[in-house]
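Structure first, commentary second.
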Amino acid sequence: MRHEKAARLLELARMLAASAEGLTLDEMAERVGIGRRTAERMRDAIREVFPQMEEVEDPPTRRFRIPSGLDGVFQAPTADEFAALHAAAEQFRAAGASSRAGALLSIEQKVLSAIRAGARRKLAPDLEALLEAESVAIHAGPRPFEDETVLGAVREAIMSLHRLRFRYEGGSSPGRVREVTPFGLMFGRSNYLVGGEGSSPEPRTWRLDRLRDIEVTDIPGTRPAGFSLREFMNRSFGIYQDEIEDVRLRIKPHGAEEAMGWRFHPTQELEPLPDGGVLVRFTAGGMRELAWHLFTWGDKVEILAPERLKTVMRQELAAAVRAHGGASD
C-alpha cells in the first residue's frame with residue numbers, strides 16, 4: 001500500500017475515533033474527499049486493523065465509530081501541528097485574548113505530557129526550530145475583552161439554555177438590567193454576545209465589555225428553530241447588523257490582482273471585467289464598517305451600489321476632512 005493511502009486510512013480512523021455518534025459512509029466520503037465505493041473499501045480496511053469498530057443503526061442508514069479511541073502510537077502530533085497550535089495561542093495572547101490563549105496552551109501541555117518521552121525528545125529540535133523561525137503579525141485594533149467571569153457565565157448559560165441577567169452599559173438605555181437568552185459568541189475586533197432579549201427570538205448583539213453584574217438565572221431560554229450563528233454573522237460586513245443590501249464594487253485594473261485573492265465577504269462573487277478590472281458582488285448589512293474597509297483600497301475601488309453605501313462613504317470622507325482641518329463640500 002502506498003504511503004498516501006495509509007495516511008488517508010489513518011486520517012479516517014482518527015475521524016471515526018473522534019466522533020461520539022459515528023459517521024455514515026456518505027459523511028466519510030465527504031470528509032476525506034472520496035467516492036462512496038472508496039469509502040466502503042476504506043471502512044473494510046479499517047475494520048481489519050481496528051476490529052473494535054462498531055456499527056450503529058441510524059435508520060435509514062448506519063453509522064460507524066471506534067468507541068475506545070486509538071492507541072497513542074497512532075496519535076503522535078507532528079512538529080508542524082504543535083507549531084501551528086502554539087502560533088495560534090501566541091496570536092491570541094498578543095491580541096489580548098488571554099482566555100483563549102490560555103486554553104490553547106493548556107491543550108498543548110496536555111498533549112505533550114501524554115506523548116512518550118522518546119517521541120518528545122525526537123520532536124523537540126524540530127519544534128524549537130519552527131517556533132524560532134515563525135511569527136504572526138498583529139494588526140492594529142482594539143484589544144478584545146475576555147473576562148473569565150463574563151465568558152464563564154455566558155458559556156454556562158449557552159450549555160444549559162438558561163437566560164442571563166446583566167446590567168448593560170450600552171445601547172439607548174445605559175445601565176438598564178436585561179434578561180437575554182444567549183445564542184452564541186462572536187469573537188473579532190470586539191467580542192459580542194448574540195442573544196434574544198426576554199421572550200423575543202430576534203437575535204441582537206451585546207458587547208461583552210459592557211456587561212455588568214452578570215448572572216445565570218433559573219429561567220429557561222428558547223433558541224430560535226433553525227438559528228445559525230454563521231448565517232447571522234454573514235448578514236453583516238463585520239459585526240454591525242442593519243438593513244441587508246446588494247453590494248456591487250468595481251475594482252479597477254491596478255487593483256484587480258489583489259482583489260482576485262481577497263475575501264470581501266462569504267457571499268461574494270468575483271467577475272473579471274473586459275477592461276482588466278473586477279466586479280465584486282455580495283449581500284450584507286453594516287455599510288459604515290464596509291465604508292471604513294473600502295478606505296484601505298484608495299483609488300482602486302468604485303462603489304456601484306447601493307446608494308446608501310455611497311452616502312455613508314461621502315459622510316465618512318467629509319468627517320475625516322473636517323477632523324484634519326480641510327474644507328469639505
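Just so it is clear, none of the values below were taken in a lab; they were calculated from the coordinates. The shown structure was predicted, so the numbers you read here are calculated from the model rather than taken from an experiment. Neighbour counts run over all protein chains shown; Cβ positions are idealised from the backbone, glycine included.
Overview of results
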read-out	value
Sites GLU148 and THR296, calculated FRET efficiency, Cβ-Cβ separation with R0 41 Å, nearest 0.05	0.75
Crossing angle, helix 148-160 versus the chain [Cα axis fit, 0-90 degrees, rounded to tens]	70 degrees
Longest to shortest principal axis, alpha-carbon extents of region 182-329, angstrom	61, 39, 23
Backbone N within region 204-248 under 15 Å of label point (7 Å from GLU169 Cα along the Cβ vector)	207-214
Largest-first principal axis extents of the Cα set of region 148-234 (Å)	32, 32, 26
Kirkwood hydrodynamic radius (C-alpha pairs) into Stokes-Einstein, region 3-73, 25 °C and 0.890 mPa s, D in µm²/s	204 µm²/s
Virtual spin-label span in nm between ARG62 and LYS310, 7 Å along Cα→Cβ	6.3 nm
All lysines inside 19 Å of LYS110 as judged from Cα atoms, apart from same-chain residues fewer than 8 positions distant	LYS122
Computed [θ] at 222 nm, deg cm²/dmol, the chain (DSSP H ≥ 4; -39,500 (n - 2.57); rounded to nearest 500)	-13000 deg cm²/dmol
Globularity ratio of region 245-323, using Cα Rg and 2.2 N^0.38 Å	1.07
Along each principal axis, Cα extent of the chain, largest first, Å	76, 59, 49
